[in-house]
Amino acid sequence: MPNETSSFDEMYAAHYGDLTVQLYAYFGDRQEAQDVVQEAFCRAYARWRTMSRFDDPVAWVRRVAWNLAVSRWRRKRTVRTFLRRQRPVEPQVDGPDPDRVALIAALATLPDTQRRATVLHYLGDLSVAEIAEREGVPAGTVKSWLHRARQSLAGQLAGPPTSTSPKEIS
Amino acid sequence: MTDELGKRFADLRRDTLGEIVAPGAPKVRSTVRRRRGAAVSAGAGFVVAAMLLGAGLGTRPDAGGDYSAGSPAEASSSGGPPVMPEPTGSELDPVRAAGGLLADRSKTPTSINATNGVVYPDYENHLNDMPADTYRFRFFCVGAGTVGVVVKQGNSGDTVLGAGNATCAAGHPAPLELEIHQPSYGYLRVFASGDARSNGRAGFAFEFLSETGRTGFGPSGPPYSFSPSPSN
């Protein structure tokens, strides 16, 4: 049932941070993530009279933010690759938490689909079925992406090899 | 590693959330107002802009000036949660009338990405979640004058999928109808440019109706039959 009293400010306050974290993990660039999420909320507000009647306007904002992120990522991938080659030590090493830097760096090495699935699963709290619906692929494909991503991340983060089979992913 | 990985992501979320300073919903509002204002002033000039501002279009009635950037704590102090106000003004009657001409989604779920608004000389809408399909695009204009409409593929470029002129009329205007074939999932842009008689006065509404019946209005709002880019 449409929620006629949806509050834009409430939605913004409740979801800006989480969406930014997800896209930060995807981009590896927090400012870029903040820009994308802010733009998604601008687009939502521009049509808020319609959107406020959606059952779940956050889903719309999330999708717009991710679509914007994917578009930006594709456009900038070449530039990023070049910069990485020129400057192998990323400025993020100055950050307060080396574990976070390592995780972001490890995520950046994953193929787009694996990285997106991983972020949506671990940071977006989406189930395999929800990711599959969002990506338009079978659930088994998502399980495979997550399995391979976890194996890759496990190796890069110096943890023990993963023993989790794809079927164990909920 | 599963638990370890989960913990790492939880730490990432916690630490990052602690460092993020949201620009704030007021900044969103001021951005949207600025964009709308730019669109208005680009074609209609100060007079129309002043009229819209005077009518309160797109502004919060309880906010007199611009919001400052980076001030997330400025959200409403009026108690109840703030919502985007329904603008008031004589130009909104045709907007509502135009919106009323759109298909009823409860009966026509194949109507997607519908919206309505005041006719501007430089209206532009980017639809970023348009599934690949063939659509009947309907554009209504309530009022007087005409509106030039162009539908382009993608988020940039000049690939025109359809174009025509909508003739405005009071009551029940005949819609401009175009067949639009969206070749792949993604962006689609709608441009609408009113003439001197329609700008700032007439109301428009448009919708896309899936001709194949494949695409519908999803339970959460956006179309649900999309098929994003192929996997890596």
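For this structure, a couple of remarks:
- Taken over the C-alpha atoms, region B:92-210 has Rg and Dmax values of 13.3, 37 angstrom.
- Accessible surface of B:M130 - all protein chains present, 1.4 Å probe, nearest 10 Å²: 0
- Under a 5 Å amide H cut-off, with hydrogens placed 1.01 Å from N, B:G216 pairs with B:Y224, B:S225 among residues at least 5 apart or on other chains.
- Measuring with a 1.4 angstrom probe and ignoring ligands and nucleic acids, A:E39 comes out at about 30 Å² accessible.
- With a Förster radius of 35 Å applied to the beta-carbon distance between B:T212 and A:E133, the computed FRET efficiency rounds to 0.95.
- Around the amide H of B:A114, modelled in the peptide plane, lie the amide H atoms of B:F208, all under 5 Å away and 5 or more residues distant in sequence or on another chain.
The values are calculated or read from the model by the stated rules, or taken from the named source; none is laboratory data. Note that the structure is a prediction, hence the values are computed from the model and not measured. With ideal geometry, Cβ positions are generated from the backbone for all residues, glycine too; neighbour counts draw on all protein chains shown. Remember, those area values only see protein heavy atoms, side chains included, never the ligands or the DNA or RNA. Shrake-Rupley method; radii C 1.70, N 1.55, O 1.52, S 1.80 Å.
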